[in-house]
Amino acid sequence: MKIVIIGGTGLIGSQVAQNLRARGHEAVPASPNTGVNTITGEGLDAALAGAKVVVDVANSPSFDDAAVLEFFQTSGRNLLKAEVNAGVGHHVALTIVGADRVPDSGYMRAKLAQEELIKRAGQPYTIVRSTQFFEFMRATADSATAGDTVRVPSANLQPIAAKDVAAAVTEVAVSDPDNGVIEIAGPEKIKLPELIRGVLAADNDPRKVVGDEHARYFGTELTDTSLTAGPDARLGKTSFAEWLAHNHK
């Protein structure tokens, strides 16, 4: 089966492509550096010809509120239109757990707008909402650093390893459309300051981590339930300790 992965050369997409090939499918990574651009439409029709499934794991190159909204709306419209023309039977999109619970975040509003486009398009679909990736913890620390102090919300996250995200997305891609939302998450709920301290300690990074309930994350304050998954979420296998053991600098 031909499956096109939009964003297929990135962190998740490249692993999804590898997983699909291991199952015997024709996995086609599609991104600007492979000649496929969902913003301009360049190469899109040719890439989707004969595809049965499209997996969209692309991300905006800019996190500016207006730019990220424009990216997901334009990319989504172009991609869904091309899928209809190509007769694609299943649209799979990766979005974020809690996108509908943190309206102060421009990025989350953009992901919610992406979901609404998919639901209205008339294409069979499955939306996979994931919690934050362990792999983004270092970038989160850097973005919250002032001097030698990292100030982050004191709320719980439920982070997941990228390989577990890719495994879940792969499984959805080879399954029938759900026409709904599936949540995936890591096996543990952990306070964000604890996560950041663990990453920095593994890197021998001396920065001090401070938990602050009013600190902002993606532009919004968090509670313990803002970005954690519901009781029906599919849980990844990799714990934070296991991930750290294999991914420290």
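Filter the range 129-152 down to residues that are exposed (fewer than 13 other Cβ atoms within 10 Å of the Cβ) and in contact (Cβ under 8 Å) with a residue 12 or more places away in the chain and give me whichever is nearest to LEU112 (Cα to Cα).
THR149
When only residues in the range 217-249 that are in contact with a strand residue (DSSP E or B) (Cβ under 9 Å, 6 or more places away or on another chain), of a type in the set (D, E, K, R) and not in a strand (DSSP E or B) count, which is farthest from ALA139 (Cα to Cα)?
Checking each candidate, the answer is ASP232.
Just give me the residues in the range 175-215 being in contact (Cβ under 8 Å) with a residue 60 or more places away in the chain and touching a His at 6+ places or on another chain (Cβ under 7 Å), in sequence order.
Correct list: PRO177, ASP203.
When you look at GLU194, is it outside any helix (DSSP H, G or I), surrounded by fewer than 19 Cβ atoms within 10 Å (Cβ to Cβ), touching a helix residue (DSSP H, G or I) at 6+ places or on another chain (Cβ under 9 Å) and at pLDDT 95 or above, yes or no?
Taking the combined requirement at face value, the residue does not satisfy it.
Are any of the residues in the range 42-55 in contact with a Ser or Thr (Cβ under 6 Å, 6 or more places away or on another chain), modelled with pLDDT of 95 or more and either hydroxyl-bearing (Ser, Thr, Tyr) or surrounded by fewer than 20 Cβ atoms within 10 Å (Cβ to Cβ) (or both)?
Within the range 42-55 (the criterion being in contact with a Ser or Thr (Cβ under 6 Å, 6 or more places away or on another chain), modelled with pLDDT of 95 or more and either hydroxyl-bearing (Ser, Thr, Tyr) or surrounded by fewer than 20 Cβ atoms within 10 Å (Cβ to Cβ) (or both)), the answer is no, since none of the residues qualifies.
Residues in the range 68-97 that are in contact with a helix residue (DSSP H, G or I) (Cβ under 7 Å, 6 or more places away or on another chain) and either small (Gly, Ala, Ser) or farther than 23 Å from ALA51 by Cα (or both): how many?
7
The values are calculated or read from the model by the stated rules, or taken from the named source; none is laboratory data. Please read these numbers as outputs of a predicted model, since none were measured by experiment. Counting neighbours? That spans all protein chains shown, and the Cβs are built from the backbone with ideal geometry, glycine included.
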